[in-house]
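The values are calculated or read from the model by the stated rules, or taken from the named source; none is laboratory data. Just so we're clear, the structure is a prediction, and the values are computed from it rather than from any experiment. With ideal geometry, Cβ positions are generated from the backbone for all residues, glycine too; neighbour counts draw on all protein chains shown.
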Amino acid sequence: GMAMLHRPDPNGAMLWGQGVRLPAGAAALVNGTTAHAREMDDFDGCGHTGAVVVPTVCATADVIHADGRTVMAAIAAGYDIAGRMLEASGGYQPHNGRGWHSTATCGSFGAAAAAAKVLGLPAEQFTHALGIAGTYVGGVWAFMADGAMTKRLHPGKAAENGVNAAFLAKGGMTGPAQILEAKWGGFFPTYCGDSARPQALLEELGERNWILSTGIKPYACCRGAHAGIDALLHLMQTHGFDGEQIAQILIHGTEYTERLVGNRRIQTVLDAQMSLPYALAVTAFGGRADLPQFDPLRTSEPRVQQLLDNTRVVADRDPDVRMTPEIEVVLKDGRSLSHQVLVAKGDPRNPVTDEELLAKARSLIVPVLGETRFQQIVDTIGELEQVSDFRTVTGLLAI
């Protein structure tokens, strides 16, 4: 639907999975929104950095015919700035707890840096790009109140913001050099308050690469639900029970756990994607929390809805300690089984394998583009630094 708001541009950037080119900012908006819509994008950094930075770089590189090495450097730069911005904002919980969605806010700066890197902007114009992007920063968590679609829009808008900011800076537009620290209207005083840690922008600069801290989602839902899913799967595999034998599930966490992933009133797909009780219910009756479990919704199945009704969050853990929830399963035979997974699958400390990553990519790409094109994409990206014109890659993403 968003693509219809813009005229096709034969010199523009490709919409993934389609055969249409739009102006670079518009393409970044559509591709970024699409990348986040199914909750299968990566995590950490600014929240969901990949859905912001990769569409930004792809769109910018596409229209200027950048080479693969430039693309790789720009993606790494975007991840770094986005991640550092969230740390400088005080971290995930303080910034998002104020109501700002860090994927949109901090992600905008990462997008601007990535696009500026693709364009090869000198330092002064690079600074202007960050300032221009910062003046349009937004994105709030109000979607949680009714399961609205705007969460999906946030990475797309951040990507669009970054692309447009870089091109405006290249064209001579100036942005506030003190976009971060200005006492009146700077990002830190306005969006972060007392939680801001500006020094985090420079900590381990040149030593830590944020892209290496990125995680890959194995499940099609909010990352905050993944450790709970892993814990339930562990209990099911260890003790040999299934959903039919479960009487009740208790999720031991904090008030933040309940606010982020505790919803049991499932009316939209986004409600389901942000609900650990729903994820546990479909996992109990399917063994997986992949795309087909979330769309269409399985709440029409009486057994799923009943287990959902019998699952609740118990806020009995220290709110000052950021910890994964512990899952307690009460079986119909009276047994109570508990397990906590401290590092969920997909985290760099508990990574998916290369084979699992390829299987995930295949499941998402082949239904749209076919097996032959999938292999071409994998082969080309595997040798990205040898690509002289990035349109070689974006052309493979078109139907």
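Return a yes/no flag: does segment 54-62 have any residue that is more than 16 Å from the chain's Cα centre (by Cα), in the same structural domain as ALA113 (by TED's automatic domain parsing), modelled with pLDDT of 95 or more and closer than 19 Å to GLY131 by Cβ.
Yes; the residues of segment 54-62 include at least one that is more than 16 Å from the chain's Cα centre (by Cα), in the same structural domain as ALA113 (by TED's automatic domain parsing), modelled with pLDDT of 95 or more and closer than 19 Å to GLY131 by Cβ.
Does THR56 satisfy the condition of being outside any strand (DSSP E or B) and surrounded by 24 or more Cβ atoms within 10 Å (Cβ to Cβ)?
Here the answer is yes, as THR56 does meet what is asked.
Per-residue answers, yes or no, for (1) more than 23 Å from the chain's Cα centre (by Cα); (2) within 22 Å of VAL53 (Cα to Cα):
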| position | (1), (2) |
| --- | --- |
| ALA158 | no, yes |
| ALA166 | no, yes |
| GLU181 | yes, no |
| TYR191 | no, yes |
| GLN199 | yes, no |
| GLU204 | yes, yes |
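Can you list residue pairs whose Cβ atoms sit under 7 Å apart, with the first residue in segment 282-294 being closer than 12 Å to ILE249 by Cβ and the second being of a type in the set (Asp, Glu)? Count only pairs 6 or more apart in sequence or on different chains.
Listed by first residue and then by second, the contacts come to ALA284/ASP242.
VAL393 passes all but one of (1) assigned to a helix (DSSP H, G or I); (2) at pLDDT below 95; which number fails?
VAL393 satisfies all of (1) assigned to a helix (DSSP H, G or I); (2) at pLDDT below 95 except (2).
For every residue, the table says whether it meets (1) under 24 Å from GLU255 (Cβ atoms); (2) of a type in the set (Gly, Ala, Ser); (3) within 17 Å of the chain's Cα centre (by Cα); (4) not in a helix (DSSP H, G or I).
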position	(1), (2), (3), (4)
GLY131	no, yes, no, no
MET144	yes, no, yes, no
HIS154	yes, no, yes, no
VAL163	no, no, no, no
GLY172	no, yes, no, yes
PRO176	no, no, no, yes
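Looking at (1) within 17 Å of the chain's Cα centre (by Cα); (2) at pLDDT 95 or above; (3) under 29 Å from ALA359 (Cβ atoms), find the lone condition where SER213 falls short.
Result: SER213 passes all but (2).
Mind checking which residues of segment 189-204 are in contact with a Lys or Arg (Cβ under 9 Å, 6 or more places away or on another chain), surrounded by fewer than 21 Cβ atoms within 10 Å (Cβ to Cβ) and under 20 Å from GLY47 (Cα atoms)?
GLY193, SER195, ALA200, LEU201, LEU202, GLU203
Run ARG7 past the list (1) surrounded by fewer than 24 Cβ atoms within 10 Å (Cβ to Cβ); (2) touching a residue at least 40 places away in the same chain (Cβ under 8 Å); (3) not aromatic (Phe, Trp, Tyr) and report the number of the one that doesn't hold.
Unmet for ARG7, out of (1) surrounded by fewer than 24 Cβ atoms within 10 Å (Cβ to Cβ); (2) touching a residue at least 40 places away in the same chain (Cβ under 8 Å); (3) not aromatic (Phe, Trp, Tyr): (2).
Considering only segment 359-375, I want to know if a residue exists there that is part of a loop (DSSP other than H, G, I, E, B), in the same structural domain as LEU233 (by TED's automatic domain parsing) and farther than 16 Å from LEU233 by Cα.
no
Within segment 383-392, identify whether any single residue is of a type in the set (Val, Ile, Thr), under 26 Å from PRO292 (Cβ atoms) and in the same structural domain as GLY19 (by TED's automatic domain parsing), and answer yes or no.
no
GLY228 is checked against (1) under 19 Å from MET144 (Cβ atoms); (2) touching a Leu at 6+ places or on another chain (Cβ under 7 Å); (3) not in a helix (DSSP H, G or I) and fails just one. What number does that condition carry?
It fails just one condition, (3).
So which residues in segment 79-109 are under 18 Å from GLY32 (Cβ atoms) and over 14 Å from the mean Cα position of the chain (by Cα)?
Those that are under 18 Å from GLY32 (Cβ atoms) and over 14 Å from the mean Cα position of the chain (by Cα): ILE81, MET85, TRP100, PHE109.
Where in segment 232-340 are there strands (runs of 3 or more DSSP E), lying wholly inside it, with at least 3 residues that are buried (at least 19 other Cβ atoms within 10 Å of the Cβ)?
Ranges flagged: 246-253, 326-331.
Among the residues of segment 152-173, is any touching a Lys or Arg at 6+ places or on another chain (Cβ under 7 Å), touching a residue at least 24 places away in the same chain (Cβ under 8 Å) and more than 22 Å from LEU212 (Cβ to Cβ)?
No, because not a single residue in segment 152-173 is touching a Lys or Arg at 6+ places or on another chain (Cβ under 7 Å), touching a residue at least 24 places away in the same chain (Cβ under 8 Å) and more than 22 Å from LEU212 (Cβ to Cβ).
Among the residues of segment 143-169 satisfying the criterion of being surrounded by 19 or more Cβ atoms within 10 Å (Cβ to Cβ) and charged (D, E, K, R), which is nearest to ALA129 (Cα to Cα)?
GLU160
Please go through segment 234-256 and give me each residue that is within 12 Å of ALA281 (Cβ to Cβ) and either outside the structural domain of ASP318 (by TED's automatic domain parsing) or among the hydroxyl-bearing types (Ser, Thr, Tyr) (or both), ordered by number.
None; the set is empty.
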